[in-house]
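S.K.: Here it is: the structure, laid out below.
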Amino acid sequence: MPPSFQTLATATVLLLLFTASAVSCASLPPEDGIRIVSAEKRIDLTGPIVKVYLTLKVENVAAASDAYQVLLAFTPTEVQHLAIVKATRAEGKRKKKTYVPLAVEASDLATSAPNGANLYSVLLDAPLKPGETITLEVLYVLTHSLEPFPAEISQSESQLVYYRDSAVLLSPYHVLEQVTYIKMPSNRIESFTRVDPTSRAGTEVKYGTYSNQAPNSYLPILVHYENNRPFAVVEELVRKVEISHWGNVQITEHYKLRHGGARHKGVFSRLEYQSRPSISGASSFKNLLARLPPRVHSVYYRDEIGNISTSHLRIGSHKSELEIEPRYPLFGGWHCTFTIGYGLPLQDFLFESDDGRRFINLTFGCPLLDTVVDDLTIKVVLPEGSKNPQPIVPFATEKHLETSYSYLDVVGRTTVVLKKNNVVGEHNVPFQVHYEFNPIFMLAEPMMLISAVLLFFVACIAYLHMDLSIGKSS
Amino acid sequence: MAEPEASSAAANGGGRLRNAFGGVLSAFTLLLIGVLAFSIRLFSVIKYESVIHEFDPYFNFRVTQFLSKNGIYEFWNWFDDRTWYPLGRVIGGTVYPGLTLTAGTIWWLLNSLNIPLSVETVCVFTAPIFSAYASWATYLLTKEAKGTGAGLMAAAILAMVPSYISRSVAGSYDNEAVAIFALIFTFYLYVKTLNTGSLFYATLNALSYFYMVCSWGGYTFIINLIPMHVLLCIVTGRYSSRLYIAYAPLVILGTLLAALVPVVGFNAVMTSEHFASFLVFIILHVVALVYYIKGLLTPRLFKVAMTLVISVGLAVCFAVVAVLVALVASSPTKGWSGRSLSLLDPTYASKYIPIIASVSEHQPPTWPSYFMDINVLAFLIPAGIISCFLPLSDASSFMVLYLVTAVYFSGVMVRLMLVLAPAACILSGIALSEVFGVLTRSLKFQLSKLFDDSSSAVPASGDSSSESSTNSTKSENRNEKSETAPKEKPSKKNRKKEKEMAESVPVKPNKKEKRLLVLPFELSVMGILLLIVLGGFYVVHCVWAAAEAYSAPSIVLTSRSRDGLHVFDDFREAYAWLSHNTDVDDKVASWWDYGYQTTAMANRTVIVDNNTWNNTHIATVGTAMSSPEKAAWEIFNSLDVKYVLVVFGGLVGYPSDDINKFLWMVRIGGGVFPHIKEPDYLRDGQYRVDAQATPTMLNCLMYKLCYYRFVETDGKGFDRVRGYEIGKKHFKLTHFEEVFTTHHWMVRIYKLKPQKNRVRGKLKKLKSGAKSSSTLAAGRKNPWQ
């Protein structure tokens, strides 16, 4: 199927724009005198999430100055869907390769890039001296970048999607040699833009090798292919972590799930779904896998109208796996909501730091595999009486404090709220919340109950020993 | 009359320490009974989950959710547009608010203590909590009649009576759950007032009655039973000022309070259900006047006055009665609601109101259901009645009257078995405690004769059985003394009953014991053992009933097969699908059984629901279901329906599905729209959907929606509920499309196809269609012709 006329037109316009900009920008001096000797871009389109692996061989060609950072460029649409950028510096040859993680941050040089392209800078751990080369491995993840086309499919059709990108690497630097590989889940590729040299081998399309690309060059390509992997999108996830110093960490997760693929239209026939599972509803999914910490206990899986009985839990020594099935198979555009809750032993997560403060070490992100979380809220409910909470998260999140009330609280529990949009599996990294806690507060509630019962008995005794009648009964 | 008090007073005198010990012991026993009542009802939570059960509880749950979210004032004014589309329903004015307010208050209280329980959890556990209260109320009531021992026994029996368990397992969040407590407690306060003559208790009684009115429509049972008892007391010459205090405030205060409940309102003074109480109120005053005058005048003067008053009074009475009768007769239903009428005339409902008759719990019970629901109590009741007559007090006569009326009502409607259960428990408790009293007393007597000849008056040990035996010895002795006087009193009717009861087996030795007072050693040991076996049997049965028979929530079904437990969660699957994947304002049509669940779980607007207040509306849905596809489409389309939901059990063998209920849809539909005729759906009077079925049956919408593409599952179309192959196997739907079917096919949801553009060539066809539909919808215009 050829790409529609309109998309072709837009692509052309974009192409023109970018070539124009490339020309206009050519006059600008290359940043820091850096040049990309060779670039390899591998785009993984097999899942619902687009993962792009860049291998950049960077050389500092400047005469005297050291380079402290390497810039990466993204188009505005990419930035909107960009979930995470990770960079590492590769050292050594082949077998002995080691990777040193590098910090990446959004660059404020964005204004200097043409057409609203955004720049991210990879901060090098050691300055790159003139004449030296370095190999960078960059991974970035794009969500919601696969557009289903046709946008509505019936039960028996499989799902086709568009992916848009550039054949050449968008970079503020001069690129000497570059190649792009696009990997697709199946052999069924409806169409792809040809930018010679282009070749296809099985499930992979190769663009390149292109040499001597000017900075900021962009050659739009469009790939139309079959992708029946579950497009599970968690529209909203609220994770609530309640810490009890009596030995338990209780985690409750409220999910609002959607099938983000091509919308289902018309009839849903259970008969066909059951009798021909391979053809019928190929893009639908009926189960999800959640990876939970080891030693998890009292797991539940329910929604607002009660238990959902279709789940399996496998507890291992390194991780636990919870396989859950929503109440009904999810077809394109269908929604469902559910709640997962589980308890964890406190000693696995709570530690005392050297200064006497305590910190809890938890995993950020969503335990469901291969899902995008549009809107993640993590609430860490500290025990009543804890003070000065201080979250430490390795990436930027929105943070604020709340007070929540639970079983017999009087002053309320301090709650640290962390919010982040566009979260993917790569965000599942540990984060910490440090706080001060005086163990005497653990006894507050038992004492309260004991005194209440005591008062009750005192009141009973008093009532039995007092004569409350007004008149004297004979 | 005053025996229980006297005996308890005597017990009070007999040693402070022992008394305190007994008090603590019985308090502790009561606590345990409460725990028992609560925990035996948790089987449903343990075996299934903490979830609201069945149909009506879902409505109550939804109302409670609304109450907890919006507050009490919004609740009174709540007009629910999610149901009975397009009519809607005024919830605040048509619901008995007692249960909702109770659970709402509990929830509010807990949350103000920062205990974050959800509304659902509170609702699930309301019924078990109130059954604990009910067993305590039973203790109090029986104690008023026959003392502490009988009270504890009755409370323990009530805590686990299957009949009550069936309505109050955790999750069964229904009016009856709190109403039974209110019923027993009202009776207790009435009897307490009757025994003490205290205005304080009389006022409490009115308040408790008010709570009962708030909780359940069954309050009319109270307001008819108490007048009956008052009348009985008057007739048997037991009028006293205590009776007056027990009754008069209840009628005045109770009626005023009852009128405050929106759902009752002026019905409290205008419907025939309440007239008996007013009539007795008048009679009571007349009798009070007579007694007053009798005290003033000499016997001779009194006789003269009597004849005068009676002649005048009779005339006035006749006039009043005539006016009343005329008033009542002028209304078509004689001022009685359909349900009450069917109580008096059991055949009324099935004759005139199919919608009442279609509910299985409105059917008369079968004999096995008595055994299932009250088990061995059925055999103990006669003994209890007899011991109520030995001696007959106001309280014990009330018990007997309560039992007799409850037995009648339970025979009419299986649902009212619930009202019988407390009466059965109380009388069995009395019987068991009396029998135990006699047996242990004779045992002790024999033992003491064996060891030393001197009869020790004071028991050595403080253990409970001996203690209760001494208590009952004392009361027994007292009874013996005063037996002669009240023995003459029971009317002929009561004597006859007594004779009847005496014929039943377990009573005979009991009667003998009364005379002899002491039984041989072996016989008493045997008797005690047998009673323990009987009790054990009862307990085993109750636990079985609670665990197996009554704890299934019915929205999730399980079946045990060789490869483990299999769960059928299709209802919730369908409701969850509706709730997440349809537009929030879409209307869903289904048979009324699923109305409450659809509004509560799927949050979608329904056409009819379990509050069957509008028969025509239900008949419209019934007609649509029993019409051919096109006519049905027109009816549904005129009601703005977008989805049609049917319940189909043929694939997995779920018997209470829509095909089995279908005949009621035909009947109810045919009751309003005469073109639907029941014989059209029956072949030789037999209801079937196999090859023998009538074409009308095989072409109606219900058949088509249930069996659409069913034949493709196994190639034959074998229906596992009906046990045969279906009649029409291959057909297509033209006006509906399948949008969702659950995993086990138990719920199927269809969408109405949008109207087609008018095609010229089809004009002829349309015309013929118009003809049939004009006869069909009785003047309803088809919008697109």
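The values are calculated or read from the model by the stated rules, or taken from the named source; none is laboratory data. Note that the structure is predicted; figures quoted are calculated from it, not measured. Please note: Cβ atoms are built from the backbone with ideal geometry, for glycine as well, and neighbour counts cover all protein chains shown.
S.K.: Quick check on B:Thr599: is it within 14 Å of chain A (Cβ to nearest Cβ), of a type in the set (S, T, N, Q), in contact (Cβ under 8 Å) with a residue 40 or more places away in the chain and assigned to a helix (DSSP H, G or I)?
M.R.: In short, yes.
S.K.: Please indicate, with yes or no, whether at least one residue in region B:555-578 is of a type in the set (Lys, Arg) and free of Cβ contacts under 8 Å to residues at least 12 places away in the same chain.
M.R.: yes
S.K.: Only one of B:Lys661, B:Lys642 is within 18 Å of B:Tyr707 (Cβ to Cβ), among the basic types (Lys, Arg) and more than 14 Å from chain A (Cβ to nearest Cβ); which?
M.R.: Every option except B:Lys661 fails the conditions.
S.K.: Which of the residues belonging to region B:538-560 are assigned to a loop (DSSP other than H, G, I, E, B) and either more than 30 Å from B:Thr616 (Cα to Cα) or not aliphatic (A, V, I, L, M) (or both)? So that I can check it myself, show each step before the final result.
M.R.: Of all residues in region B:538-560, those assigned to a loop (DSSP other than H, G, I, E, B) come to B:550-556.
Once the filter is applied, which keeps residues that are assigned to a loop (DSSP other than H, G, I, E, B) and either more than 30 Å from B:Thr616 (Cα to Cα) or not aliphatic (A, V, I, L, M) (or both), region B:538-560 yields B:Tyr550, B:Ser551, B:Ala552, B:Pro553, B:Ser554, B:Val556.
S.K.: Looking at region A:117-135, can you tell me whether even one residue there is assigned by TED's automatic domain parsing to the domain that holds A:Leu45, crowded, with 18+ Cβ neighbours inside 10 Å and in contact with a Lys or Arg (Cβ under 8 Å, 6 or more places away or on another chain)?
M.R.: So the first thing to find is which residues in region A:117-135 are assigned by TED's automatic domain parsing to the domain that holds A:Leu45, and the list is A:117-135.
Next, only the ones that are crowded, with 18+ Cβ neighbours inside 10 Å stay: A:117-122, A:124, A:128, A:134.
Cutting the leftovers down to in contact with a Lys or Arg (Cβ under 8 Å, 6 or more places away or on another chain) gives us A:124, A:134.
Checked against the condition, which is being assigned by TED's automatic domain parsing to the domain that holds A:Leu45, crowded, with 18+ Cβ neighbours inside 10 Å and in contact with a Lys or Arg (Cβ under 8 Å, 6 or more places away or on another chain), region A:117-135 yields at least one hit.
S.K.: Checking A:Val141 against (1) β-branched (Val, Ile, Thr); (2) modelled with pLDDT of 90 or more; (3) under 20 Å from A:Ser38 (Cα atoms): exactly one of these is not met. Which one?
M.R.: All conditions pass for A:Val141, except number (3).
S.K.: Shifting gears a bit: What are the residues in region B:721-750 that are assigned to a strand (DSSP E or B) and more than 17 Å from B:Tyr594 (Cβ to Cβ), if any?
M.R.: The first filter runs over region B:721-750 and keeps only residues assigned to a strand (DSSP E or B), leaving B:724-725, B:736-741, B:747-750.
Once the filter is applied, which keeps residues that are assigned to a strand (DSSP E or B) and more than 17 Å from B:Tyr594 (Cβ to Cβ), region B:721-750 yields B:Tyr724, B:Glu725, B:Phe736, B:Glu737, B:Glu738.
S.K.: Restricting attention to region B:45-55, does a residue exist that is more than 14 Å from chain A (Cβ to nearest Cβ) and either surrounded by fewer than 16 Cβ atoms within 10 Å (Cβ to Cβ) or closer than 27 Å to B:Ala259 by Cβ (or both)?
M.R.: no
Yes/no matrix, rows are residues, columns are (1) away from chain B (no Cβ under 14 Å); (2) surrounded by fewer than 14 Cβ atoms within 10 Å (Cβ to Cβ):
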| residue | (1), (2) |
| --- | --- |
| A:Arg357 | yes, no |
| A:Phe364 | yes, no |
| A:Val393 | yes, no |
| A:Ala396 | yes, yes |
| A:Tyr405 | no, no |
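Each row is one residue, and each column tells you yes or no for (1) surrounded by fewer than 19 Cβ atoms within 10 Å (Cβ to Cβ); (2) hydroxyl-bearing (Ser, Thr, Tyr); (3) within 14 Å of chain B (Cβ to nearest Cβ); (4) assigned to a strand (DSSP E or B).
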{"position": "A:His224", "(1), (2), (3), (4)": "no, no, no, yes"}
{"position": "A:Arg239", "(1), (2), (3), (4)": "no, no, no, yes"}
{"position": "A:Ile243", "(1), (2), (3), (4)": "no, no, no, yes"}
{"position": "A:Thr252", "(1), (2), (3), (4)": "yes, yes, yes, yes"}
{"position": "A:Lys256", "(1), (2), (3), (4)": "yes, no, yes, yes"}
{"position": "A:Val267", "(1), (2), (3), (4)": "yes, no, yes, no"}
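S.K.: How about region B:722-760: which of its residues are out of contact with any strand residue (DSSP E or B) (no Cβ under 8 Å at 6 or more places or on another chain), surrounded by 18 or more Cβ atoms within 10 Å (Cβ to Cβ) and more than 10 Å from chain A (Cβ to nearest Cβ)?
M.R.: Scanning region B:722-760 gives B:Arg722, B:Gly727, B:Lys728.
Residue-wise test of (1) over 21 Å from A:Ile84 (Cβ atoms); (2) among the basic types (Lys, Arg); (3) buried (at least 17 other Cβ atoms within 10 Å of the Cβ); (4) within 14 Å of chain B (Cβ to nearest Cβ).
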| site | (1), (2), (3), (4) |
| --- | --- |
| A:Leu376 | no, no, yes, no |
| A:Val380 | yes, no, yes, no |
| A:Glu402 | yes, no, no, no |
| A:Met442 | yes, no, no, no |
| A:Leu454 | yes, no, no, no |
| A:Met466 | yes, no, no, no |
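S.K.: I would also like to ask the following. In region B:561-580, what residues are in a helix (DSSP H, G or I), more than 7 Å from chain A (Cβ to nearest Cβ) and among the small types (Gly, Ala, Ser)?
M.R.: Correct list: B:Ala574, B:Ser579.
S.K.: When only residues in region B:56-77 that are among the hydrophobic types (A, V, I, L, M, F, W, C) and surrounded by fewer than 18 Cβ atoms within 10 Å (Cβ to Cβ) count, which is nearest to B:Asn611 (Cα to Cα)?
M.R.: Checked region B:56-77; the qualifying residue nearest to B:Asn611 (Cα to Cα) is B:Trp76.
S.K.: In region B:191-218, how many residues are closer than 23 Å to B:Lys143 by Cα and assigned to a helix (DSSP H, G or I)?
M.R.: Of the residues in region B:191-218, 19 are closer than 23 Å to B:Lys143 by Cα and assigned to a helix (DSSP H, G or I).
Yes/no per residue for (1) outside any loop (DSSP other than H, G, I, E, B); (2) of a type in the set (Asp, Glu); (3) under 22 Å from the mean Cα position of the chain (by Cα):
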{"site": "A:Glu323", "(1), (2), (3)": "yes, yes, yes"}
{"site": "A:Pro326", "(1), (2), (3)": "no, no, yes"}
{"site": "A:Ile360", "(1), (2), (3)": "yes, no, yes"}
{"site": "A:Asp375", "(1), (2), (3)": "yes, yes, yes"}
{"site": "A:Ile378", "(1), (2), (3)": "yes, no, yes"}
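S.K.: I'd like to verify a number: residues in region B:39-82 that are among the polar types (S, T, N, Q) and over 25 Å from the mean Cα position of the chain (by Cα), how many?
M.R.: 3
S.K.: If you don't mind, another one. Which one is surrounded by the fewest Cβ atoms within 10 Å (Cβ to Cβ), of the residues in region A:288-321 that are assigned to a loop (DSSP other than H, G, I, E, B), away from every other protein chain (no Cβ under 13 Å) and touching a residue at least 24 places away in the same chain (Cβ under 8 Å)?
M.R.: A:His318
S.K.: Here's a follow-up. Of all residues in region B:708-720 being part of a loop (DSSP other than H, G, I, E, B) and surrounded by fewer than 18 Cβ atoms within 10 Å (Cβ to Cβ), which is farthest from the other protein chains (Cβ to nearest Cβ)?
M.R.: B:Arg720
S.K.: Answer yes or no: is there a residue in region B:682-699 that is surrounded by fewer than 21 Cβ atoms within 10 Å (Cβ to Cβ), within 14 Å of chain A (Cβ to nearest Cβ) and in contact (Cβ under 8 Å) with a residue 40 or more places away in the chain.
M.R.: No; the residues of region B:682-699 include none that is surrounded by fewer than 21 Cβ atoms within 10 Å (Cβ to Cβ), within 14 Å of chain A (Cβ to nearest Cβ) and in contact (Cβ under 8 Å) with a residue 40 or more places away in the chain.
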